[in-house]
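J.: After the C-alpha cells below, expect a handful of questions from me.
The values are calculated or read from the model by the stated rules, or taken from the named source; none is laboratory data. The shown structure was predicted, so the numbers you read here are calculated from the model rather than taken from an experiment. Counting neighbours? That spans all protein chains shown, and the Cβs are built from the backbone with ideal geometry, glycine included. For the accessible areas, the whole protein counts, side chains as well, though only heavy atoms, and no ligand, DNA or RNA atoms are used. Shrake-Rupley method; radii C 1.70, N 1.55, O 1.52, S 1.80 Å.
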Amino acid sequence: MAETFYLTTAIHYPNGRPHIGHAYETIAADVLARFHRQMGREVRFQTGTDEHGLKMAQKSRDLGQTPRELADEMSGYFKDLFATLDISYDRFIRTTDEDHYRASQAIWKAMEANGDLYLDRYEGWYSIRDEAYYDESELIEGEGGEKLSPQGTPVEWTAEETWFFRLSAYGDKLLKLYEDNPDFIRPESRRNEVMRFVEGGLRDLSVSRTSFDWGVPVPGSDGHVMYVWVDALTNYLTGLGYPDETENMAKFWPADLHLVGKDITRFHTVYWPAFLMSANIPVPRQVYAHGFLLNKGQKESKSLGNVTDPADLVNAYGVDVLRYFLLREFSFGQDGSYSAQAIVSRANSELANSFGNLAQRTLSLLFKNCEGQLPPINDATADDDALRQHVERVIVQEMPAAFTDLAFAQALEAWMGAVFACNAYVDAQAPWALKKTDPERMKTVLATLYICIAQLAVAVIPVMPASMGKLLEQMGITPDLRRFDAIRTHWYPALVDSNFHLEKPQGIFPRLELPETPSEESA
C-alpha cells in the first residue's frame, strides 16, 4: 500500500479576482503534490474558495448582487486561473457546497458536546477585512489617530449575542503540542510568534454572528451563523468526507501539510488545533506559513495601482517560466519581490541559455551526427562518470530532500548547479570537434549528456510540468520513467535497443523580451 500525503492551501477569499499571492501559494502546493506523486505516494491535494462572512455580504450588496451570485462568479475566476497555472488539485472545495455545511455543523456539535461552546454577549473590536476579532492591546494607531488592527486594517466596535468557544481552556494543551512537535509550525520564526501569543494567555473566542445571515447556520440556534473561520477551517475535513464517509478520513487524516500565508498563521495554529482537540479529532502534522510576494518591493494594493493579474504574467512569459521564477527567486518562508526585469533575466539566463540551450544543442548533435539514433556508451571515462554521479546525487539526494523541506529555491539551486556542470562538460569535451577526431568518443559524450538531461528534466517536472513533458516526449522518455526512482535505473540501454529515433528537436524555452510599456520603461 502506497504511503499517503494530504496537503492543502488556505482556501482563498473570493471578494475580488485572484491576485499573484493566490497564484504563488497554489503553485507551491502544486509543486509539492507533483513531487510526492513522483516519489510514489498517494497524494490528496485540496484548494478552493472561502465564500462566507460579512466581507462577502457587504461586497455583494455594493455590487447589487446576492452573496451567492458573487461567490459563483468569483469562484469561477479562481478555477479558471488554476487551470491556466496547471494546478493538479484533487478537489476544489467551496464553502457553499452542501457537504461542507454538514461537516461544519458536525464539528460544531462535537465541540458543543465537549462542553466548549456557550452563549453570551460579545463586545469588542472586529476587522471586517480580516474577518478577525482583536483585543484592545493588539490595536495600533493609524495616521489619523484611528484604531487599526495589527495588519493595519480598520476595526469597528461590535456588540451582539454570540456563541463563544472556550479557547482559554486550551492554552496549556496548545503549548504542549508546540513543544512536543517542533515542526508543527514552520518556519521557526512563525513558531516563536505563535508560542509568545499563546503564552500571553488566551481569551474565549466569539464563534457566531447575528448581524448578518451569510454563513453556515448554527445548529439549534436560530438567527446565528458560524464565525467564518470556524466554517473555513473545517474545509480540510469536508474534502475527506467528514463526518459521513470514513474511508478517506482514515486514509489521509491528519493532514500532512496546511500551506498558508503568514497573515493567517494564528487561525491555523491556535484556533484550528483547539477546535480539533475539542472535537476529538487529531491535529494536522504541520502548518507552514510562507511570506508575502511583493511587487518591486511593495505589497500589492488597489490604492497603489500595482495589483497584478497572474494570467497577464502567464500571457507575457509562459506558465512554466512563472512557476519556475516564483520558486527559484527567493526562499519560500520569507517575503520575496518580483518584477518583469527579474522574471526575464532569470528565464533567459537559466532556462533559455543554460538548460534549454544544453538540451537543444545536445539533441541537435545527435540528430545531425548520429542520424537520430541513440548511441551506446562505450569506454566511459572518469569525466563521464563524474558528471553522471553529480547529476544522480542531485536528483536522488539533494532535490528530494529540499522539496520535502519546502526549500524550493535550494532544490532549484542544486538543479541549476547540475545544469552548469553539464554545460562545463560540453565545453570541455567539445563533441563537435570529436566528430572529426574521435567519432566513437563523440557518441559516448552525447549519450552521457542525453542521460543527464533526461534525469534533470524528470527531476524538475513538479515545477515545469508542461515544458519538461514536451522535452521528455521528444527524448522518448515514457510516462512510467518520469519518476525519481525510475529515471535512476538502467533505462538508457533499453531505449537504445528499442531503436527509438530522435526527430529534429524543438526548443522549449525561447528567449524573452521585456514588455514595452511605459510602466516598465520608467521602472
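J.: Going through region 1-17 one residue at a time, which ones are assigned to a loop (DSSP other than H, G, I, E, B), under 23 Å from Thr96 (Cα atoms) and in contact with a strand residue (DSSP E or B) (Cβ under 8 Å, 6 or more places away or on another chain)? Break it down stepwise before answering.
T.: So in region 1-17, the residues assigned to a loop (DSSP other than H, G, I, E, B) come out as 1-3, 10-11, 13-17.
Subsequent filtering for residues that are under 23 Å from Thr96 (Cα atoms) retains 10-11, 13-17.
Within region 1-17, Ala10, Ile11, Tyr13, Pro14 meet the criteria.
J.: Another question, if that's okay. Say we look at region 22-49 and pick out the residues that are in contact with a Lys or Arg (Cβ under 9 Å, 6 or more places away or on another chain) and open to solvent by 10 Å² or more (accessible area, probe 1.4 Å); which of these is farthest from Asp263 (Cα to Cα)?
T.: Taking the candidates together, the pick is Gly40.
J.: Within region 470-488, take every residue that is open to solvent by less than 80 Å² (accessible area, probe 1.4 Å) and in a loop (DSSP other than H, G, I, E, B) and give me the one that is farthest from Ala352 (Cα to Cα).
T.: By that ranking, first place goes to Asp485.
J.: Of the conditions (1) more than 29 Å from Pro254 (Cβ to Cβ); (2) in contact with a strand residue (DSSP E or B) (Cβ under 7 Å, 6 or more places away or on another chain); (3) modelled with pLDDT of 95 or more, Ile20 fails just one. Which one is it?
T.: Here Ile20 clears every test but (3).
J.: Against the definition (on the phi < 0 side of the Ramachandran plot and touching a helix residue (DSSP H, G or I) at 6+ places or on another chain (Cβ under 6 Å)), how does Leu139 come out, yes or no?
T.: Numbers: on the phi < 0 side of the Ramachandran plot: yes; touching a helix residue (DSSP H, G or I) at 6+ places or on another chain (Cβ under 6 Å): no.
No; evaluated as a whole, the condition is false for this residue.
J.: Something else about it: Test Gln389 against the stated conditions and say whether it is part of a helix (DSSP H, G or I) and out of contact with any helix residue (DSSP H, G or I) (no Cβ under 9 Å at 6 or more places or on another chain).
T.: Values: part of a helix (DSSP H, G or I): yes; out of contact with any helix residue (DSSP H, G or I) (no Cβ under 9 Å at 6 or more places or on another chain): yes.
Yes: the conditions hold for Gln389.
J.: For region 207-224, how many residues meet the condition of being outside any loop (DSSP other than H, G, I, E, B) and crowded, with 22+ Cβ neighbours inside 10 Å?
T.: Keep residues of region 207-224 that are outside any loop (DSSP other than H, G, I, E, B), which gives 208-209, 217.
Those still in the list that are crowded, with 22+ Cβ neighbours inside 10 Å too: 208-209.
The total comes to 2.
J.: Still on this model: What's the number of the condition Thr444 fails, among (1) at positive phi; (2) at pLDDT 95 or above; (3) polar (S, T, N, Q)?
T.: The single condition Thr444 does not satisfy is (1).
J.: Is it the case that region 298-317 has a residue that's within 18 Å of Ala103 (Cα to Cα), surrounded by 15 or more Cβ atoms within 10 Å (Cβ to Cβ) and over 19 Å from the mean Cα position of the chain (by Cα)? Talk me through it step by step, then tell me what you get.
T.: The initial filter retains those residues of region 298-317 that are within 18 Å of Ala103 (Cα to Cα), namely none.
No, the conditions are met nowhere in region 298-317.
J.: Considering (1) more than 21 Å from Gly223 (Cβ to Cβ); (2) in a strand (DSSP E or B), say which one Tyr133 fails and leave the rest.
T.: The single condition Tyr133 does not satisfy is (1).
J.: Could you grab me the full set of residues in region 72-93 that are surrounded by 20 or more Cβ atoms within 10 Å (Cβ to Cβ) and either assigned to a strand (DSSP E or B) or among the acidic types (Asp, Glu) (or both)?
T.: Ile93
J.: Is it true that some residue in region 94-117 is of a type outside the set (D, E, K, R) and in a strand (DSSP E or B)?
T.: First pass over region 94-117, keeping only residues of a type outside the set (D, E, K, R): 95-96, 100-101, 103-108, 110-111, 113-115, 117.
Retained after the next criterion (residues that are in a strand (DSSP E or B)): 117.
Yes - at least one qualifying residue is present in region 94-117.
J.: Under 8 Å between Cβ atoms, which residue pairs at least 6 apart in sequence (or on different chains) link something in region 187-203 that is assigned to a helix (DSSP H, G or I) with a partner that is crowded, with 16+ Cβ neighbours inside 10 Å and of a type in the set (A, V, I, L, M, F, W, C)?
T.: Sorted first by the residue in region 187-203, then by its partner, the pairs are Arg190/Ala289; Arg191/Phe184; Arg191/Ile185; Val194/Ile185; Val194/Val270; Phe197/Val270; Val198/Leu174; Val198/Val270.
J.: On the basis of being surrounded by fewer than 18 Cβ atoms within 10 Å (Cβ to Cβ) and not in a loop (DSSP other than H, G, I, E, B), does Asp320 make the cut? Even if it seems obvious, please write down each step before you answer.
T.: Values: surrounded by fewer than 18 Cβ atoms within 10 Å (Cβ to Cβ): no; not in a loop (DSSP other than H, G, I, E, B): yes.
No: the conditions fail for Asp320.
J.: Using beta carbons and a limit of 7 Å, which pairs, at least six apart or on different chains, have the first residue in region 370-386 and in a loop (DSSP other than H, G, I, E, B) and the second one among the polar types (S, T, N, Q) and buried (at least 17 other Cβ atoms within 10 Å of the Cβ)?
T.: Ile377/Thr444; Ile377/Thr448; Asn378/Thr444; Asp379/Thr444; Ala380/Thr444
J.: Further, regarding this structure: Kindly check whether there is at least one residue in region 277-289 that is modelled with pLDDT of 95 or more, within 30 Å of Val194 (Cβ to Cβ), in contact with a Gly (Cβ under 7 Å, 6 or more places away or on another chain) and open to solvent by less than 10 Å² (accessible area, probe 1.4 Å).
T.: Quick first cut of region 277-289, residues modelled with pLDDT of 95 or more only: 277-289.
With within 30 Å of Val194 (Cβ to Cβ) added as a condition, the list becomes 277-289.
Subset that is in contact with a Gly (Cβ under 7 Å, 6 or more places away or on another chain): 289.
Right, trim to open to solvent by less than 10 Å² (accessible area, probe 1.4 Å) and you get 289.
Looking for residues that are modelled with pLDDT of 95 or more, within 30 Å of Val194 (Cβ to Cβ), in contact with a Gly (Cβ under 7 Å, 6 or more places away or on another chain) and open to solvent by less than 10 Å² (accessible area, probe 1.4 Å), one finds at least one in region 277-289, hence yes.
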